[in-house]
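Colleague: Can you keep this structure in mind? I'll have questions shortly.
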Amino acid sequence: MSQLLVSGILLGGLYAMISIGLNLIFGVLRIVNFAHGEFIMVSMYLAYWTYFYYKIDPYISAFVIAPLTFLLFMTVFRPFVVKLADSSHLGQVFITFGIGIVLQNLALMLFSADYRSVDTAYSRMRIALGEVQFSLARLVVFLLSLVFTAALYYYLKKSYMGKTIRATMQNRTVAMLMGIDTRKVYVFTFALGAAITAFAGGLLLPIFYVYPTIGFNFALIAFIVVILGGLGSIPGTLAGGFVIGLTEALSGYFISASMKQLVYFCIFILILVLRPAGLFGQRGTEELGVK
Amino acid sequence: MAEPLLKISNLNAYYGEVQVLHDVSLEVYPGEIVAIVGANAAGKTTLLKSISGLVRWQGDIVYGGRSLRGLKPNQIVELGIIHVPEGRGLFPFLTVLENLEIGAYAPNARKAAKETLEKVFRIWPRLQERQNQLAGTLSGGEQQMCAIARGLMGLPKLLMLDEPSLGLAPLIIRDCYAAIEDINKRDGTPILLVEQNVKLAMQKADRVYVIENGRIVLQGKGAELMDDDRVRKAYMGI
């Protein structure tokens, strides 16, 4: 039983990690990003090939790939983000879904559909605490998800830029009247979300195989985690990750591994019926950007 | 009189293909309170939005000898033109204090933010009491206070207020206008305000422009217009 709980919590941390970037882009900015999974897939491949050719550990290359992603979105992809921010939600769905498909097929063309993985010194290392066992790589992701959650929470809550981001999301026109260059805010926040997502991708590589369509599984979970936790709530993402992770671990054992998605979707629906703004969502914020 | 601080000449403004303002000319001189009055959908708000750079316009808007043509909203704010929008436009899920801090976004305002905040709290001690409350939970009158205070945080050289009396009880309106007159008297900040309450506007403003279907149809000193038969008939129902 304690093994199940530990596995579930570690898995929850991993789910939170892949969702934090989406929470910035979708939860805070309200840009529907259906290419989120493909962002993870691309960064996993980047980490993979860096390891393959240069023998650079994915934990190290993640620290290069993430800032690089940030810079790319601040410069080369800037017009793309501006266009996306100015589009309707439906437009964003089409645009990002299209980008996702293009990225998937590019990966398929360039790298084939082979399952690839790295074999670092620690990727098969396991830690035993009494009867409970878990892999080191998962513990690393879990701890980093806590670090990212705390850092981002304080950044959004306390820093002036964080307040600027929240103000812009709550009322874009008035934000302009305050002297905020709202496009800059959108591009910056999107780039930050993409960078955190890329970082998460690097962390996943020692745990999962990478192949062109792996993103879909992650994106589905990330969307559920973000909505479950509450759009724009950073602690909510962590909580949402734990709920899904624990549900998956427990239902996999007590019911059936093939039923886990059914179970967590039922829980997802139940929580949304009871708390439409999500577990930690501020009441009323779920409608921002819709009205 | 001195040179106008703000001079709008032959302004035409558009929402997409629809022309909302026709050939509007208007001036604001240093130290004045100028009111724009008119019915709903006459184009009052659009006029303020044009000055703030939120809508597309033709003609010319000159502020402090400099044309605002092609400037983005944030550049206009940096010039000291602060627009307090209709319906307060507070950030509902930010606290009162955070709203005020964001009001001082422009670089020069941010440098002075600490002192300005003290000043604002001296004017409205109520806001200091409620500084950690979410702005969306304030009462209507407090929200209007907070919105004007947030405007002051931007160190306005020209303060534009869109319908400050909207939806407020008469007593609160009185307080609100007392505060506006105070800002104007104490700091000499010129104020351009849009008001649906014609009588109130004519009492409080030095000069008034009457706008109808996107055109200025009358202008003059507030006190004089009050005696104008057309105004009395059309707007005051007397």
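The values are calculated or read from the model by the stated rules, or taken from the named source; none is laboratory data. Keep in mind it's a predicted model, so treat the numbers as computed, not measured. Cβ placement follows ideal geometry from the backbone for every residue including glycine, while neighbour counts extend to all protein chains displayed.
Colleague: Which residue pairs have Cβ atoms closer than 8 Å, lie 6 or more positions apart in sequence or on different chains, and pair a first residue in the range A:29-46 that is on the phi > 0 side of the Ramachandran plot with a second residue that is not polar (S, T, N, Q)?
Modeller: From the range A:29-46, the pairs are A:Arg30/A:His89; A:Arg30/A:Met169; A:Arg30/A:Leu231; A:Arg30/A:Leu288; A:Arg30/A:Gly289.
Colleague: With in a loop (DSSP other than H, G, I, E, B), over 26 Å from A:Ala175 (Cβ atoms) and away from every other protein chain (no Cβ under 14 Å) as the only criterion, which of A:Phe216, A:Phe208, A:Phe265, A:Phe242 stands out? First the steps, then the outcome.
Modeller: Working: A:Phe216 fails: in a loop (DSSP other than H, G, I, E, B); A:Phe265 fails: in a loop (DSSP other than H, G, I, E, B); A:Phe242 fails: in a loop (DSSP other than H, G, I, E, B).
A:Phe208 is the lone residue from the list that is in a loop (DSSP other than H, G, I, E, B), over 26 Å from A:Ala175 (Cβ atoms) and away from every other protein chain (no Cβ under 14 Å).
Colleague: Among the residues of the range B:74-120, write down those that are more than 9 Å from chain A (Cβ to nearest Cβ), surrounded by 21 or more Cβ atoms within 10 Å (Cβ to Cβ) and in contact (Cβ under 8 Å) with a residue 60 or more places away in the chain.
Modeller: Residue satisfying the conditions is B:Ile81 alone.
Colleague: On to the next question. Determine which member of the set A:Gly179, A:Gly232 is free of Cβ contacts under 8 Å to residues at least 60 places away in the same chain and on the phi > 0 side of the Ramachandran plot. It would help to see each step written out before you state the result.
Modeller: Numbers: A:Gly232 fails: free of Cβ contacts under 8 Å to residues at least 60 places away in the same chain.
Just one listed residue meets the conditions, A:Gly179.
Colleague: Given (1) touching a residue at least 40 places away in the same chain (Cβ under 8 Å); (2) assigned to a helix (DSSP H, G or I); (3) crowded, with 17+ Cβ neighbours inside 10 Å, where does A:Val118 come up short, assuming only one miss?
Modeller: All conditions are met except number (2).
Colleague: When you scan the range A:131-139, do you find a residue that is outside any loop (DSSP other than H, G, I, E, B) and charged (D, E, K, R), even just one?
Modeller: yes
Colleague: Enumerate the pairs (first residue in the range A:51-73 and without any contact (Cβ under 8 Å) to a residue 12 or more places away in the chain; second residue anywhere and assigned to a helix (DSSP H, G or I) and surrounded by 13 or more Cβ atoms within 10 Å (Cβ to Cβ)) with beta-carbon separation below 6 Å, excluding pairs fewer than 6 apart on the same chain, so at least 6 apart or on different chains.
Modeller: Hits for this filter: A:Ile56/A:Thr50.
Colleague: Sticking with this one: Checking the structure you have, find out if any residue of the range A:182-194 is under 20 Å from A:Leu14 (Cα atoms), out of contact with any Gly (no Cβ under 7 Å at 6 or more places or on another chain) and either away from chain B (no Cβ under 11 Å) or in a loop (DSSP other than H, G, I, E, B) (or both). Full working, then the answer.
Modeller: Taking the range A:182-194 as the starting set, the residues that turn out to be under 20 Å from A:Leu14 (Cα atoms) are A:192-194.
Those left that are additionally out of contact with any Gly (no Cβ under 7 Å at 6 or more places or on another chain): A:192.
Within this subset, residues satisfying the condition of being either away from chain B (no Cβ under 11 Å) or in a loop (DSSP other than H, G, I, E, B) (or both) are A:192.
Scanning the range A:182-194 turns up at least one residue that is under 20 Å from A:Leu14 (Cα atoms), out of contact with any Gly (no Cβ under 7 Å at 6 or more places or on another chain) and either away from chain B (no Cβ under 11 Å) or in a loop (DSSP other than H, G, I, E, B) (or both).
Colleague: Quick check on my filter: what residues within the range A:90-110 are touching a residue at least 60 places away in the same chain (Cβ under 8 Å) and under 30 Å from A:Arg172 (Cα atoms)?
Modeller: Across the range A:90-110, the qualifying residues are A:Gln92, A:Val93, A:Thr96, A:Phe97, A:Ile99, A:Gly100.
Colleague: Name the residue that is farthest from A:Val140 (Cα to Cα), counting only residues in the range A:171-181 that are modelled with pLDDT of 95 or more and part of a helix (DSSP H, G or I).
Modeller: A:Leu177
Colleague: Quick check on the range B:149-176: of everything there that is at pLDDT 95 or above and assigned to a helix (DSSP H, G or I), which residue is farthest from the chain's Cα centre (by Cα)?
Modeller: B:Met153
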